[in-house]
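The structure appears right after this line, and notes come after that.
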Ligand SMILES: Nc1ncnc2c1ncn2[C@@H]1O[C@H](COP(=O)(O)OP(=O)(O)OP(=O)(O)O)[C@@H](O)[C@H]1O
Ligand code: SF4
Ligand SMILES: [Mg+2]
C-alpha cells in the first residue's frame with residue numbers, strides 16, 4: 001500500500017444533481033467533490049447513510065454521468081466517454097456492490113456469471129472461458145467446483161467473493177468497493193477484508209473503499225475522505241483523520257466507534273451524533289453540519305466553510321478548526337472563491 005506515483009484516478013469538482021420525483025425539487029447528491037487516487041493505494045470514503053457515497057462510486061466508475069465536473073484516468077478525460085470507449089474503460093476500473101445477491105443473476109451458475117464477463121469484454125477465446133472462470137474462483141479463495149452452483153446455493157460471504165471475482169475478471173487497475181462487507185455477517189467480514197488486502201498486494205490494485213464505519217476504513221486505507229451531505233468535509237492520511245480529526249463530524253464518527261476494552265468503553269464520554277442528516281433537497285445555509293454541531297457559531301450559520309489545508313496533507317472544512325490551528329482565513333477564503341463555493 002502507499003502510492004507515491006502520479007494519480008491513476010482523479011476527480012475534480014464532481015457534482016450530481018437528481019430531481020426529486022413528484023416535487024419539482026432537485027438535490028445535489030454529490031456537491032463539488034475533488035479527489036485523487038494513486039496506483040496501488042486505498043482511499044477510504046466514509047459518511048452516514050444518504051451522504052452521497054454510492055452516487056460518488058457510480059460517477060467514478062462511470063455507471064452514471066456527472067452533472068458537472070471532470071474525471072480523469074491517467075490524465076485522460078473520461079467524464080463523458082460512451083460506447084466502446086466506456087467498455088474499454090471498464091477493463092481498467094470496476095465496482096463491487098454492497099449486495100452481491102442483487103448483482104448476480106439467480107438463474108445463472110457462478111461459472112457462467114464469470115464467463116459472461118470474459119465474453120462481453122472479449123478477454124479470451126471461448127474454449128478458455130471455463131478454465132479462466134475456475135482460475136478466478138481460486139483467486140478469491142473458492143473451490144473451482146463452486147462454478148456449478150447457483151447464487152442461492154452460496155453463503156453471503158461466498159457471493160461477495162464471486163462479486164470480487166467478477167470485478168477481477170477484466171484484470172482492472174482500480175476497484176471501487178461500495179460497502180463490500182456491510183451486508184455480511186460480522187463473522188465473515190474479516191475473511192473478505194483479508195482477501196481484499198491480499199489481492200491488492202498481489203495485483204497492485206488501487207481501491208476506493210466506501211463504508212459508513214470509520215473503524216472499517218481505518219485499517220485498510222492509506223488516506224480517508226469523510227463525506228457529509230454530498231461534500232468532502234475532511235481528508236488526509238488515515239492516521240491523523242481517524243485518530244486526531246479536525247472536523248467535529250469526523251470526531252463524532254470516531255467517538256461512535258466502540259472501544260474494545262470494556263473498562264475504557266464504560267468510562268469514556270461519547271458525544272453521539274444528534275439529529276438526522278438534513279434533507280439534501282433543502283440543505284442548511286452556511287456549514288451543512290451546523291444544525292448538529294456542538295461547536296456551531298454565528299459564522300457557521302452564514303458562511304459555508306471551504307475545504308482548506310489546515311495541517312500538512314490534512315484538509316478540513318470547519319471555521320472553528322481553522323481558528324484552532326491559527327488559520328482563521330483558510331476556510332473563509334476571499335469573496336470570489338466564496339461565491340463559487342455556494
Ligand atoms: N437516482 C436517484 N434519484 C434521485 N435521488 C437519488 C438517486 N440516487 C440517490 N439519490 C439521493 O441522493 C442522496 C445520496 O444517496 P446515496 O445513495 O449516494 O447515499 P449513500 O451515502 O450511498 O447512502 P447509504 O449509506 O444509505 O448507501 C440521497 O438523498 C438519495 O436519496
Ligand atoms: S464550521 Fe462550524 S458548524 Fe461547521 S463543523 Fe465547524 S464548528 Fe461545526
Ligand atoms: Mg450507498
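Tell me, what is the FRET efficiency for residue 201 and residue 132 to the nearest 0.05, using R0 = 25 angstrom and their Cβ-Cβ distance as r?
0.70
Under a crude label model (7 Å from the Cα following the beta-carbon direction), how far is residue 152 from residue 21 in nanometres?
Label-label distance for residue 152 and residue 21, simple model: 2.7 nm.
Go from 0 up to the bin containing the longest alpha carbon distance in the chain, width 20 Å each, and give me the % of pairs per bin.
Using 20 Å bins, I get a P(r) of 29, 56, 15, 0 for the chain.
What are the equivalent ellipsoid semi-axes of the range 85-133, built from the alpha-carbon gyration tensor (square roots of five times its eigenvalues), in whole angstrom, biggest first? Don't skip to the answer; put the middle values down first.
Values: eigenvalues 69, 60, 12 Å².
Listed largest to smallest, the semi-axes of the range 85-133 are 19, 17, 8 Å.
Applying 1/(1 + (r/R0)^6) with R0 = 22 Å to the Cβ-Cβ distance of residue 329 and residue 13, what FRET efficiency is obtained, to the nearest 0.05?
The computed FRET efficiency comes out at 0.50.
Between the helical axis of 110-120 and the dominant principal axis of the chain, each derived from Cα atoms, what acute angle in degrees is found, rounded to the nearest 10?
The angle comes out at about 80 degrees.
Consider a paramagnetic label point 7 Å from the Cα of residue 276 along Cα→Cβ; state which residues of the range 19-51 have an amide N under 16 Å from it.
Inside the label zone: 48-51.
Counting other C-beta atoms within 10 Å, which of 142, 193 has the fewest, and how do the rest follow?
In order of increasing Cβ crowding within 10 Å: 193, 142.
How much length would be gained if the chain were fully extended between residue 183 and residue 101, taking 0.36 nm per residue of separation minus their Cα-Cα distance, in nm to one decimal?
Working: separation 82, 0.36 × 82 = 29.52 nm, distance 1.01 nm.
Length gained between residue 183 and residue 101: 28.5 nm.
Using a 10 angstrom cutoff on alpha carbons, build the Gaussian network for the chain and name the most mobile of 252, 145, 11.
Evaluated over the chain, the most mobile residue of the options is 145.
Per the Kirkwood definition applied to all pairs of different Cα atoms, how many angstroms is the hydrodynamic radius of the range 1-127?
About 16.7 Å, per the Kirkwood formula over Cα pairs.
Which residue, 236, 22, 75, has the most motion in a Gaussian network model of the chain that connects Cα atoms within less than 10 Å?
22
Tell me the Kirkwood hydrodynamic radius of the range 61-152 in angstroms, computed as one over the mean inverse distance between distinct C-alpha pairs.
On the way: mean 1/r = 0.0661 Å⁻¹.
Every distinct Cα pair counted, the radius reaches 15.1 Å.
Every read-out reported here was derived from the displayed coordinates using simple, explicitly stated rules and does not represent laboratory data. Worth saying up front: this structure is predicted, and the values here are computed from it rather than measured. We place every Cβ from the backbone using ideal geometry, glycine too, and count neighbours over all the protein chains shown.
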